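Presented below is the structure to which this report refers.
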Amino acid sequence: MRIGLFIPCYVDQFYPKVAIATYELLQKLGCDVRFPMKQTCCGQPMANSGYAHLTKGCDANFMANFAEFDYIVCPSGSCVLHVKEHLHDENNEELASKMRKRVFELTEFITDVLKVETIVGNFPYKVGMHQSCHGQRGLKLSQMSELNAPFFSKPEQLLSKIKGINLVSLSRKDECCGFGGTFCVTEEAISVKMGQDRIKDHEAHQVDYITGGDMSCLMHLEGILKRQKSPIQIIHIAEILNATV
Amino acid sequence: MKNNLEHSEAAAIFNKDVKRVDWHDETLWFVREKRDKAAHQIPEWELLREMASEIKNNVLSNIHDYLLEFESNAQKNGIVVHWAADAEEHNKIVHSIMEKHGVKQMVKSKSMLTEECHLNEYLSEKGIDVIDSDLGERIVQLRKEPPSHIVLPAIHLKKEDVSETFHEHLGTEKGNNDPQYLTEAARLHLRDTFLTRKVALTGVNFAIAETGEIVVCTNEGNADMGAHLADVHIACMGFEKIIPQRKHLSVFLRLLARSATGQPITTFSSHFKKPRDGKEMHIVIVDNGRTTQLGREDFRNSLKCIRCGACMNTCPVYRRSGGHSYHNAVAGPIGSILAPNLDMNKNADLPFASTLCGSCTNVCPVKIDIHDQLYKWRQVLVKEGHAPLGKTIAMNGMATVLANPMVFDLAGKVGRFVMKNIPVLVNNSLNPWYKQREMPAPPNESFREWYKKNGTEFNNKNNE
């Protein structure tokens with residue numbers, strides 16, 4: 001089983017430690033994982049801004065880098081959702097369709113494909129989990145508060161196995177943080193207000209860390225936390241799971 | 001011509017008063033939570049949503065036949081049926097009925113369609129005095145503001161604002177913020193209106209093809225008060241309000257109030273089937289762009305909307321930007337997919353006023369794929385040339401960099417170098433990110449640089 005490691009462009013450039021944690025974690029879980037060096041971006045920033053017609057280059061690049069792998073795994077719900085919904089190739093739509101089905105978000109890959117049941121480890125902190133909207137509502141990584149359906153959560157299922165972790169229950173379980181891709185700059189006022197409110201919920205539960213599966217949401221929250229000189233830190237879920245496997 | 005502020009500009013102004021934004025957000029979140037409780041008490045909730053969506057699918061595929069069936073049955077019941085192609089024709093029809101009776105006053109109950117058609121302004125220019133009888137509508141009408149929410153028109157106002165408005169227009173005691181006192185004043189004022197108006201206009205929540213009757217849902221009974229006391233009842237509806245049979249009503253009535261306010265059912269769900277003896281009843285069926293929307297395959301589902309407002313209450317953007325920032329009769333997520341259909345130039349900003357979080361789609365009782373339609377509208381608007389030139393240039397640049405691995409690598413290195421060594425180039429007032437957020441700290445090396453050095457080695461170590 002060959003795993004292609006798909007690292008979001010901004011994680012590659014700004015949060016290499018998240019990529020390293022993902023890479024190491026998958027290896028420790030017994031995967032043959034490779035990082036195709038010529039990958040860049042899935043094209044989501046253009047597509048969500050209304051420029052989906054400009055993503056052909058990104059699509060072609062993605063296809064060239066990941067075609068050979070059995071699974072494509074990525075520590076970001078948002079990028080995975082974009083590939084799942086929008087990856088196309090006019091010349092080889094059959095391959096594009098196969099690749100759309102082979103791409104997985106990290107926690108869903110661990111729970112659904114690897115079916116990992118025990119994780120040994122220790123993270124003795126109070127942690128708030130920020131559910132990214134694309135991971136939760138898009139990929140259905142966990143149940144959504146709007147629906148009348150039983151609760152489940154793939155990321156929380158993994159985190160709950162970690163020794164010492166105190167995972168708090170937020171007041172607004174799946175409220176959006178306001179990042180929203182280019183929304184964070186085109187609608188700066190609302191984006192920041194949403195982020196500030198999201199942080200308040202975590203603060204009210206006195207967390208040490210805010211974690212989540214999407215570094216983009218966490219980058220936005222981190223920017224606000226730092227400006228507020230808050231002691232709360234952000235940490236990607238891969239880093240918690242890797243530190244403790 | 002565009003004469004309104006863009007959503008982002010209006011939202012930034014609304015956000016200057018943090019306490020008010022917090023209050024607005026919490027008030028609507030309270031309604032969203034009430035909705036959750038009411039919805040989660042019904043085991044078959046998701047099935048009901050599916051059923052409602054399917055009934056609407058049937059309606060949209062056979063709208064021509066159902067409308068003719070409705071018209072014919074309504075006529076048999078003695079109702080006069082009018083057809084209006086657009087807002088102007090709708091307004092003219094309503095005015096002509098008033099003129100025919102020589103009446104200069106109207107009592108109106110809630111109808112978002114008449115807001116969409118700007119009927120009040122039209123009639124007022126013709127010298128007709130219109131009084132809105134829904135309490136929230138009356139409050140915003142006195143303030144000369146449009147409603148900010150389709151179910152809770154004055155939700156952006158606090159009781160202190162209402163007290164001030166009533167003091168100015170109804171002569172209540174200044175500074176008296178007691179809701180009981182203020183409601184009583186409104187009641188006395190509206191009672192006088194109901195008793196003296198000869199023409200009453202109502203909206204339509206559901207029009208039943210099988211029986212030719214309409215159903216109007218209110219919590220205050222104001223539609224009934226108006227229609228029962230007037231000589232002429234005019235009901236205005238967008239053509240998508242049709243449902244095939246009476247039995248289908250049960251599905252929608254169970255969903256509507258629970259989704260809107262968390263009530264099991266609206267206080268009044270009144271059926272109007274024919275005029276009382278010696279009185280008149282008119283129904284105006286309006287297109288106003290609906291045919292166009294029906295013809296847009298990606299957006300036709302938006303015509304399923306039953307106007308419950310649940311998408312607004314749950315929308316994290318709406319809750320913090322307020323209804324007026326959407327500069328359209330129907331605000332929020334659903335309004336943002338209806339508005340560009342009416343006028344792309346004026347409303348091109350609205351599909352971008354969303355993080356595409358998808359909560360709207362999940363609460364929608366008729367399962368409209370709202371956030372997917374917002375995404376699709378963005379593509380249409382850009383292609384039709386409604387994007388700012390600067391954005392198009394930036395996106396083209398971004399697409400070139402991101403499609404080319406070598407350029408991407410170089411751009412990343414340069415970017416990180418600049419952020420580290422000349423931070424002022426990034427950390428300045430021209431960067432909207434930096435205004436209220438710190439930039440991420442640039443690391444010494446990217447992951448790909450780390451991998452080049454450590455990737456294989458790590459692989460080898462693990463494979464030993």
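Would you be able to say whether some residue in the stretch A:173-180 is aromatic (Phe, Trp, Tyr) and closer than 21 Å to B:GLU26 by Cα?
Among the residues of the stretch A:173-180, at least one is aromatic (Phe, Trp, Tyr) and closer than 21 Å to B:GLU26 by Cα, which makes the answer yes.
Given the criterion among the β-branched types (Val, Ile, Thr), open to solvent by less than 20 Å² (accessible area, probe 1.4 Å) and within 12 Å of chain A (Cβ to nearest Cβ), identify the matching residue among B:ILE79, B:ILE42.
Going through B:ILE79, B:ILE42 in turn, the sole match is B:ILE42.
Restricting to the stretch A:16-34, give me the number of residues that are open to solvent by 10 Å² or more (accessible area, probe 1.4 Å), facing chain B (nearest Cβ under 7 Å) and closer than 19 Å to B:ARG416 by Cβ.
Within the stretch A:16-34, residues that are open to solvent by 10 Å² or more (accessible area, probe 1.4 Å), facing chain B (nearest Cβ under 7 Å) and closer than 19 Å to B:ARG416 by Cβ number 2.
Going by what's in this entry, would B:GLU297 be described as at pLDDT below 95 and open to solvent by 10 Å² or more (accessible area, probe 1.4 Å)?
It is false that B:GLU297 is at pLDDT below 95 and open to solvent by 10 Å² or more (accessible area, probe 1.4 Å).
Whether any residue in the stretch A:74-91 is at pLDDT 95 or above, of a type in the set (Ser, Thr, Tyr) and in a strand (DSSP E or B) is what I want to check.
Scanning the stretch A:74-91 turns up no residue that is at pLDDT 95 or above, of a type in the set (Ser, Thr, Tyr) and in a strand (DSSP E or B).
Enumerate the helices (runs of 4 or more DSSP H) found wholly within the stretch B:1-91, keeping only those where 1 or more residues are under 30 Å from A:ILE190 (Cβ atoms).
Output list reads B:7-14, B:18-40, B:45-61.
Take the residues in the stretch A:43-70 that are more than 10 Å from chain B (Cβ to nearest Cβ) and not in a helix (DSSP H, G or I); name whichever of them is surrounded by the most Cβ atoms within 10 Å (Cβ to Cβ).
A:PHE69
Given the conditions (1) free of Cβ contacts under 8 Å to residues at least 24 places away in the same chain; (2) more than 9 Å from every other protein chain (Cβ to nearest Cβ); (3) of a type in the set (A, V, I, L, M), report the number of the one that A:ILE190 does not fulfil.
It is condition (2) that A:ILE190 fails.
Given B:SER302, B:SER270, B:SER259, which one is in contact with an Asp or Glu (Cβ under 7 Å, 6 or more places away or on another chain) and either assigned to a helix (DSSP H, G or I) or surrounded by fewer than 20 Cβ atoms within 10 Å (Cβ to Cβ) (or both)?
Exactly one of B:SER302, B:SER270, B:SER259 is in contact with an Asp or Glu (Cβ under 7 Å, 6 or more places away or on another chain) and either assigned to a helix (DSSP H, G or I) or surrounded by fewer than 20 Cβ atoms within 10 Å (Cβ to Cβ) (or both), namely B:SER270.
For the stretch B:418-435, does any single residue satisfy the condition of being more than 22 Å from A:LYS229 (Cα to Cα), open to solvent by less than 50 Å² (accessible area, probe 1.4 Å), more than 8 Å from chain A (Cβ to nearest Cβ) and out of contact with any Ser or Thr (no Cβ under 9 Å at 6 or more places or on another chain)?
Within the stretch B:418-435, one or more residues are more than 22 Å from A:LYS229 (Cα to Cα), open to solvent by less than 50 Å² (accessible area, probe 1.4 Å), more than 8 Å from chain A (Cβ to nearest Cβ) and out of contact with any Ser or Thr (no Cβ under 9 Å at 6 or more places or on another chain).
Please work out if A:LEU147 is buried (at least 19 other Cβ atoms within 10 Å of the Cβ) and either assigned to a helix (DSSP H, G or I) or within 13 Å of chain B (Cβ to nearest Cβ) (or both).
no
Does A:HIS134 fit the bill of being assigned to a loop (DSSP other than H, G, I, E, B) and either within 14 Å of chain B (Cβ to nearest Cβ) or on the phi > 0 side of the Ramachandran plot (or both)?
no
Of the residues that make up the stretch B:323-335, is at least one of a type in the set (Val, Ile, Thr), buried (at least 24 other Cβ atoms within 10 Å of the Cβ) and within 14 Å of another protein chain (Cβ to nearest Cβ)?
Within the stretch B:323-335, none of the residues are of a type in the set (Val, Ile, Thr), buried (at least 24 other Cβ atoms within 10 Å of the Cβ) and within 14 Å of another protein chain (Cβ to nearest Cβ).
Evaluate the stretch B:365-376: report whether one residue or more is facing chain A (nearest Cβ under 8 Å) and not hydroxyl-bearing (Ser, Thr, Tyr).
no
Any idea which of B:VAL21, B:VAL94, B:VAL107 is over 30 Å from B:ILE243 (Cα atoms) and surrounded by 15 or more Cβ atoms within 10 Å (Cβ to Cβ)?
Sole residue among the options that is over 30 Å from B:ILE243 (Cα atoms) and surrounded by 15 or more Cβ atoms within 10 Å (Cβ to Cβ): B:VAL21.
Go through the stretch A:105-131 and give me each residue that's in a strand (DSSP E or B), open to solvent by less than 10 Å² (accessible area, probe 1.4 Å) and either within 14 Å of A:LEU25 (Cβ to Cβ) or away from every other protein chain (no Cβ under 14 Å) (or both).
Scanning the stretch A:105-131 gives A:GLU105, A:VAL127, A:GLY128.
Give A:GLY164, A:GLY195, A:GLY213, A:GLY178 a once-over and let me know the one that is in contact (Cβ under 8 Å) with a residue 12 or more places away in the chain, on the phi > 0 side of the Ramachandran plot and crowded, with 21+ Cβ neighbours inside 10 Å.
Unique residue meeting the criteria: A:GLY178.
Considering the stretch B:353-391 alone, what residues qualify as being among the basic types (Lys, Arg) and either open to solvent by less than 40 Å² (accessible area, probe 1.4 Å) or touching a residue at least 40 places away in the same chain (Cβ under 8 Å) (or both)?
Listed by number, the residues that qualify are B:LYS367, B:LYS376, B:ARG378.
Does B:LYS413 satisfy the condition of being open to solvent by 60 Å² or more (accessible area, probe 1.4 Å) and either more than 8 Å from chain A (Cβ to nearest Cβ) or on the phi > 0 side of the Ramachandran plot (or both)?
Criteria met by B:LYS413.
Residue pairs, Cβ under 7 Å, 6 or more apart or interchain, first in the stretch A:221-240 and free of Cβ contacts under 8 Å to residues at least 24 places away in the same chain, second part of a strand (DSSP E or B). List them.
Filtered contacts from the stretch A:221-240: A:GLU222/A:ILE234.
Sort out which residues of the stretch B:223-248 are open to solvent by less than 10 Å² (accessible area, probe 1.4 Å) and either modelled with pLDDT under 95 or among the hydrophobic types (A, V, I, L, M, F, W, C) (or both), and write them in order of number.
B:ALA223, B:GLY226, B:ALA227, B:ALA230, B:VAL232, B:ILE234, B:ALA235, B:CYS236, B:MET237, B:ILE242, B:ILE243, listed by residue number.
Between A:VAL185, A:VAL207, which is of a type in the set (A, V, I, L, M) and surrounded by fewer than 20 Cβ atoms within 10 Å (Cβ to Cβ)?
Exactly one residue qualifies, and that residue is A:VAL185.
The values are calculated or read from the model by the stated rules, or taken from the named source; none is laboratory data. Because the structure is a prediction, the values reported are computed rather than measured. Cβ atoms come from the backbone with ideal geometry, glycine included; neighbour counts cover every protein chain shown. We work out accessible area using only protein heavy atoms, side chains counted, and drop any ligands, DNA or RNA first. Shrake-Rupley method; radii C 1.70, N 1.55, O 1.52, S 1.80 Å.
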